[in-house]
Amino acid sequence: MTKYHVKTMINGDPAEFLCGTEQTVLDCLRDELGLTGSKEGCSSGDCGACSITLDGRLVCACLVLGVETEGKDIETIEGVADGDDLHPIQKHFLQEAALQCGICTPGFIVAAKALLAENPSPTETETRYWLAGNLCRCTGYDKIVTAVMNAAAEMRGE
Amino acid sequence: MSDLQFSSPKSVKEAVKILFAAKGKAKVLAGGTDLLVQLRAGRMTGSMIVDIKNIPELRSIKKEKNGFTVGAAVSGAELGAHKAINKAWPGVVEGLELIGSTQIQGRASLGGNLCNGSPAADSVPGLIAAGATCKIAGPKGLRTAKVEDIVLGPGKTSLKAGEFVVSFFLPTRPKRSGDAYLRFIPRTEMDIAVVGASVSLTLDKAGVCSDARVSLGAVAPKPLLVAKAARAIVGTKVDDEALTQLSLAASAACDPIDDKRGTVEYRTKVAGVLARRAATIALERARGN
Ligand SMILES: Cc1cc2nc3c(=O)[nH]c(=O)nc-3n(C[C@H](O)[C@H](O)[C@H](O)COP(=O)(O)OP(=O)(O)OC[C@H]3O[C@@H](n4cnc5c(N)ncnc54)[C@H](O)[C@@H]3O)c2cc1C
Ligand code: FES
Ligand code: FES
């Protein structure tokens, strides 16, 4: 099978991998690079558990081919915390108990971070719409939305 | 599994060459939000994927003398962030922006939405109502086609082997013009249209409608241009009676399917209601321009 050699930046560091055409970047992150933080819920763009950013744009890693990411900047959940220091969004997820099984959590955190980068003061409605592509089967969403709103406030210095 | 090849041309010319050499066995990849789902489900045919996103022409939005050129692979997020297009063609932008979630918006394109050939594609009625055309590249060179002539039926387009859409052209409209797209789905996000309706219209100085186009999605095997519904409002002040006639003409044009999202009767009725509401919004926008 034809394999392609792909060079990217992942969470600020150069990363290279070999992949076949049909492998998604989610497959590559998890199976070729051992970055298993991004989760596979549906593999069809519906659940958001695989959320990453590609050149700063929030996307589903399950709907991007590995070969497409040549020369691109990828950010994953592994790059959200600064060493042992959790990102405010992560801290507020813990504080609010915004997770149970945790499968959806990396996707929510990556998506929320992208939201706050674009709009530091989202309303609750804006937050809910932005996160509409992230599904959680455990928490019922309220705690997730509260965690994001509280993190936004902290990040604004309130 | 067969050996699936990948290529990522940097120019339209190079893409044409690759697609020609692949003899109809290559699939064009834009945002991949339809294609990758099909690939994963084993429903994609072909032995090569040609990513067209690295061709500058397919990714740019340009203001021309007489309108806008929008690259076929421009994403919903990119189109939504373009102020001048939002102002000129809000109905076209709202069609593309309704697609999927924030994540899907990061990738989904007008070209992919059209060429996937779904009768329910959300951005297509807006393009048809706008009178948009598309520039198509292929082995015989470039040609231009009306958007309403591309989709022939579910999953079928009039594109020939080796052809792909390079860009869309949205003409400049006269003053006092407005457009709008509305879709009906059973929830507020992430669903397939039961009905979609788009109206674009222009008023003269006296507030009489001088030009209109009406398009419906999800109510027939392909998105429809409904000339009769447009004729119902041209020459009127788009008053109650004219809107009722537009609504009746829209319903009469429907030839929908029965499925869990809506029965034939339901879709037919909703098409009339949505067309009327879209016309009302387009009218307000035209008055404000
Ligand atoms: C979770 C989810 C939600 C969705 N919600 C909606 C929705 O609400 N409304 C809706 O209408 N759709 C929806 N879709 C479908 C899809 O996102 C849209 O149809 C989108 O616009 C496809 O664009 P793309 O760039 O991703 O196309 P791709 O997947 O890249 O391509 C789609 C098809 O078009 C062909 N193609 C692409 N570009 C060109 C071109 N320039 N020239 C010739 N052929 C081309 C490809 O070969 C392929 O056959 C959804 C999909 C997902 C996964
Ligand atoms: S795994 Fe990608 S959206 Fe569900
Ligand atoms: S915590 Fe289990 S799916 Fe969200």
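Determine if region A:139-156 includes at least one residue that is more than 16 Å from ligand 1 (Cβ to nearest atom), within 30 Å of residue A:23 (Cα to Cα) and touching a residue at least 24 places away in the same chain (Cβ under 8 Å).
no
Being among the basic types (Lys, Arg) and away from chain B (no Cβ under 14 Å) is the filter here; which residues of region A:116-138 pass it?
Selection gives A:137 alone.
Within region A:93-105, which residues are part of a helix (DSSP H, G or I) and under 20 Å from residue A:135 (Cβ atoms)? Full working, then the answer.
So in region A:93-105, the residues part of a helix (DSSP H, G or I) come out as A:93-96, A:105.
Scanning region A:93-105 gives A:93, A:96, A:105.
So residue B:14 fits all but one of (1) over 17 Å from residue B:141 (Cα atoms); (2) more than 14 Å from every other protein chain (Cβ to nearest Cβ); what number is the exception?
(1)
Out of all the residues in region B:21-33, is one or more hydrophobic (A, V, I, L, M, F, W, C), in a strand (DSSP E or B) and within 11 Å of chain A (Cβ to nearest Cβ)?
Yes, that holds for at least one residue.
Cβ-Cβ under 8 Å, sequence separation 6+ or interchain: first residue in region B:266-282 and over 13 Å from residue B:200 (Cβ atoms), partner open to solvent by 10 Å² or more (accessible area, probe 1.4 Å) and basic (Lys, Arg). Which pairs?
Matching pairs, first to second residue: B:274/B:183.
Quick check on my filter: what residues within region B:160-194 are assigned to a loop (DSSP other than H, G, I, E, B), closer than 28 Å to residue B:12 by Cβ, touching a residue at least 24 places away in the same chain (Cβ under 8 Å) and within 14 Å of ligand 1 (Cβ to nearest atom)?
Listed by number, the residues that qualify are B:161, B:162, B:163.
Condition check: among the hydroxyl-bearing types (Ser, Thr, Tyr), more than 9 Å from chain A (Cβ to nearest Cβ) and over 23 Å from the mean Cα position of the chain (by Cα). Does residue B:69 satisfy that?
No: the conditions fail for residue B:69.
Could you grab me the full set of residues in region A:58-88 that are more than 7 Å from every other protein chain (Cβ to nearest Cβ), under 14 Å from the mean Cα position of the chain (by Cα) and either open to solvent by less than 50 Å² (accessible area, probe 1.4 Å) or of a type in the set (Val, Ile, Thr) (or both)?
Hits for region A:58-88 are A:61, A:62, A:74, A:76, A:77, A:79, A:80, A:81, A:87.
Counting only residues that are assigned to a loop (DSSP other than H, G, I, E, B) and open to solvent by 50 Å² or more (accessible area, probe 1.4 Å), how many does region A:20-38 have? Give the derivation first.
Looking only at region A:20-38, we keep the residues that are assigned to a loop (DSSP other than H, G, I, E, B), and these are A:20-23, A:33-38.
Those left that are additionally open to solvent by 50 Å² or more (accessible area, probe 1.4 Å): A:33-34, A:36.
Qualifying residue count, region A:20-38: 3.
If you check residue B:157 against the conditions, is it without any contact (Cβ under 8 Å) to a residue 12 or more places away in the chain and either surrounded by fewer than 23 Cβ atoms within 10 Å (Cβ to Cβ) or hydrophobic (A, V, I, L, M, F, W, C) (or both)?
No; evaluated as a whole, the condition is false for this residue.
Of the residues that make up region A:47-57, is at least one part of a loop (DSSP other than H, G, I, E, B) and at the interface with another protein chain (Cβ under 9 Å from one of its Cβ atoms)?
Yes, because at least one residue in region A:47-57 is part of a loop (DSSP other than H, G, I, E, B) and at the interface with another protein chain (Cβ under 9 Å from one of its Cβ atoms).
Report yes if some residue within region B:115-134 is more than 16 Å from ligand 3 (Cβ to nearest atom), within 14 Å of chain A (Cβ to nearest Cβ), of a type in the set (A, V, I, L, M, F, W, C) and within 16 Å of residue B:223 (Cβ to Cβ); otherwise report no.
Step one: filter region B:115-134 for residues more than 16 Å from ligand 3 (Cβ to nearest atom), giving B:115-134.
Narrowing further to those that are within 14 Å of chain A (Cβ to nearest Cβ): B:116.
Those still in the list that are of a type in the set (A, V, I, L, M, F, W, C) too: none.
Looking for residues that are more than 16 Å from ligand 3 (Cβ to nearest atom), within 14 Å of chain A (Cβ to nearest Cβ), of a type in the set (A, V, I, L, M, F, W, C) and within 16 Å of residue B:223 (Cβ to Cβ), one finds none in region B:115-134, hence no.
Before we move on, is residue A:105 within 16 Å of ligand 2 (Cβ to nearest atom) and either in contact (Cβ under 8 Å) with a residue 60 or more places away in the chain or open to solvent by 20 Å² or more (accessible area, probe 1.4 Å) (or both)?
So residue A:105 fails the test.
The values are calculated or read from the model by the stated rules, or taken from the named source; none is laboratory data. No experiment lies behind these values; they were computed from the predicted model shown. Using ideal geometry, Cβ is built from the backbone for each residue, glycine included, and neighbour counts are taken over all protein chains shown. These accessible areas exclude ligands, DNA and RNA; they are computed on the full protein's heavy atoms, side chains included. Shrake-Rupley method; radii C 1.70, N 1.55, O 1.52, S 1.80 Å.
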